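Trainee: Take this structure, written in structure tokens, and hold onto it; I'll ask about it next.
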Amino acid sequence: MESHNEDMPELVGTRVRLRALSMDDAAALHIIWSDHSVARWLGAPPLVSVEETQELVALLLQMALEEESKRWSIVLPGGQLIGSCGFNYWQFDGAYRGEIGCELAPAFWGQGYMTEALKLLLDYGFGQMGLNRIEALCHPVNTRAARLMSSLGFEREGLLRQYRHTPSGYEDSVLYALLRQDFRRDYLEREGSD
């Protein structure tokens, strides 16, 4: 069994660490991905078994090897896995843009963990990957995600009507985007105020 993708760097923050997704994470991720309060925003039914979660993790690992996506596990200093985040896709030729996705165990919502994790991810995307634009898609009524994107400097760019097909039918998505120049300006302003 492949343990993880060696090419993905560990990203370390103050309270969270992003490490490459691993097959060993399947049991912990199953608890998160099978939770109805999380799954409702993923556009998919909750996963019903650890085996199903292992299949999804294996697919994500294969996509990372083929450089089609990158997924990190979000862990606390003691090693507890509390979620995941990463790039669902990216495009360099003619765009230099990528799309992020994330989810967090409900017990850790509202405590700033995902904000810190996504700041690490954005810094990696703009700095190491060389992206110019990072996008995020959110369900229109997911106010928690909308607040998170706004707090990170993302601009709401519009509503994509019937953008996704889910088990409950077609759903709209809200497109948020952050440009490298805006992320860097915000970062420099924060550093200057310290």
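Trainee: If I compute solvent accessible area with a 1.4 Å probe over the protein chains, what percent of it on the chain is carbon and sulfur? If you can, show how the numbers build up before the last one.
Mentor: Working: 5010 of 10260 Å².
Carbon-and-sulfur percentage of accessible area, whole number: 49.
Trainee: Restricting to segment 1-155, what percent of DSSP beta bridges are antiparallel, rounded to 5?
Mentor: Roughly 85 percent of the DSSP beta bridges within segment 1-155 come out antiparallel.
Trainee: Turning to a different aspect of this structure: Collect residues whose amide H, placed 1.01 Å from N in the peptide plane, falls under 5 Å from the amide H of Thr166; neighbours closer than 5 in sequence don't count.
Mentor: Amide H neighbours of Thr166: Glu171.
Trainee: Where does each of Cys138, Cys102 land when they are ordered by accessible area, with a 1.4 Å probe and the largest first?
Mentor: Listed by decreasing accessible area, they come as Cys102, Cys138.
Trainee: Got a sec to turn the phi values of segment 30-47 into Karplus ³J(HN,Hα) couplings, 6.51 cos²θ - 1.76 cosθ + 1.60 with θ = phi - 60°, whole Hz, x for Gly and Pro?
Mentor: After applying 6.51 cos²θ - 1.76 cosθ + 1.60, I find 4, 4, 6, 5, 8, 6, 4, 6, 8, 4, 4, 8, 8, x, 9, x, x, 5 Hz.
Trainee: Solvent-accessible area per residue for segment 1-132 at a 1.4 Å probe radius, Å²?
Mentor: 48
Trainee: Mind putting a number on the dipole of the chain about its Cα centre? Charges go on the C-beta only, +1 for Lys and Arg and -1 for Asp and Glu, and I need it in Debye to the nearest 20.
Mentor: So the dipole magnitude of the chain works out to roughly 700 debye.
Trainee: Could you list, by residue number, the cysteines of the chain that have no other cysteine's beta carbon within less than 4.7 Å of their beta carbon?
Mentor: Cysteines of the chain left without a disulfide-compatible partner: Cys138.
Trainee: Over what distance in Å are the Cα centres of segment 97-150 and segment 1-76 separated?
Mentor: Centre-to-centre (Cα) distance: 15 Å.
The values are calculated or read from the model by the stated rules, or taken from the named source; none is laboratory data. Computed from a predicted model, the values in this text were never measured in an experiment. When we count neighbours, we look across all protein chains shown, and the Cβ atoms used for this are built from the backbone with ideal geometry, even at glycine. For accessibility, only protein heavy atoms count, side chains too; no ligands or nucleic acids. Shrake-Rupley method; radii C 1.70, N 1.55, O 1.52, S 1.80 Å.
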